[in-house]
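To start, the structure under review is shown below, and the notes come after it.
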Amino acid sequence: RALTREMGMFEGLKENWRELKDGEPGSRFVDHYERRQERSPGAWKRAALIVVGVVLLLAGLFMMIAPGPGILGIFIGGGLIAQASRAAARVMDWLEVQVRKVTEPAKRAWDRASRPVRVALVALSLIVAASVGIAAYLAVT
């Protein structure tokens with residue numbers, strides 16, 4: 001019974017992801033919020049989404065200054081809050097459009113770059129990340 005419930009939970013997560021992925025940038029979060037409201041998630045589930053979303057958002061903000069995937073935490077936390085709040089959904093839609101505007105030139109440059117250039121950029125990024133990590137470690141100890 002627990003296994004089928006877990007499988008159902010994963011199916012629900014996959015369906016939520018599909019809906020968001022297939023949505024139109026700039027309105028996907030509000031559209032997803034409205035679909036969730038039609039299904040009537042219930043007050044407890046809505047409160048849980050907000051609490052977990054705020055915790056992930058705060059953890060993401062903390063990880064922006066500490067080692068960790070801060071941006072990922074911020075976006076996942078914001079996405080959870082957006083499922084329970086139309087205002088948060090609007091903010092997430094606006095943020096998505098702004099992030100796309102900023103990252104589009106880099107994406108085009110990456111797509112045009114040859115494989116050796118991409119490998120060199122990834123290697124350089126890893127070296128910089130390792131150097132920052134070592135410097136942070138040495139500063140703390």
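The values are calculated or read from the model by the stated rules, or taken from the named source; none is laboratory data. Not measured: the values here are computed from a predicted model. Backbone-built Cβ (ideal geometry, glycine too); neighbour counts: all protein chains shown. Protein only, heavy atoms only, side chains kept; ligands, DNA and RNA dropped before computing areas. Shrake-Rupley method; radii C 1.70, N 1.55, O 1.52, S 1.80 Å.
Quick notes on this structure:
- Split the accessible area of the chain by element, probe 1.4 Å, and carbon with sulfur accounts for 70%.
- Region 35-121: trypsin sites (Lys or Arg not before Pro) in DSSP coil with no more than 13 other Cβ atoms inside 10 Å: ARG39
- For region 22-38, the Karplus equation 6.51 cos²θ - 1.76 cosθ + 1.60, evaluated at θ = phi - 60°, returns couplings of 7, x, 7, x, x, 9, 5, 6, 5, 4, 5, 4, 5, 5, 5, 5, 5 Hz by residue, with Gly and Pro reported as x.
- Using the empirical formula 2.2 N^0.38 Å as the baseline, the Cα radius of gyration of the chain reaches a ratio of 1.31.
- Per-pair calculated FRET efficiency, R0 = 22 Å: LYS101 and ASP31 via Cβ, rounded to 0.05: 0.60
- Taking VAL91, VAL99, VAL122 as the candidate residues, the one with maximal mean-square fluctuation in a Gaussian network model of the chain, Cα springs under 10 Å, is VAL122.
- Region 78-117 versus region 22-46: alpha-carbon centroid distance in Å: 19 Å
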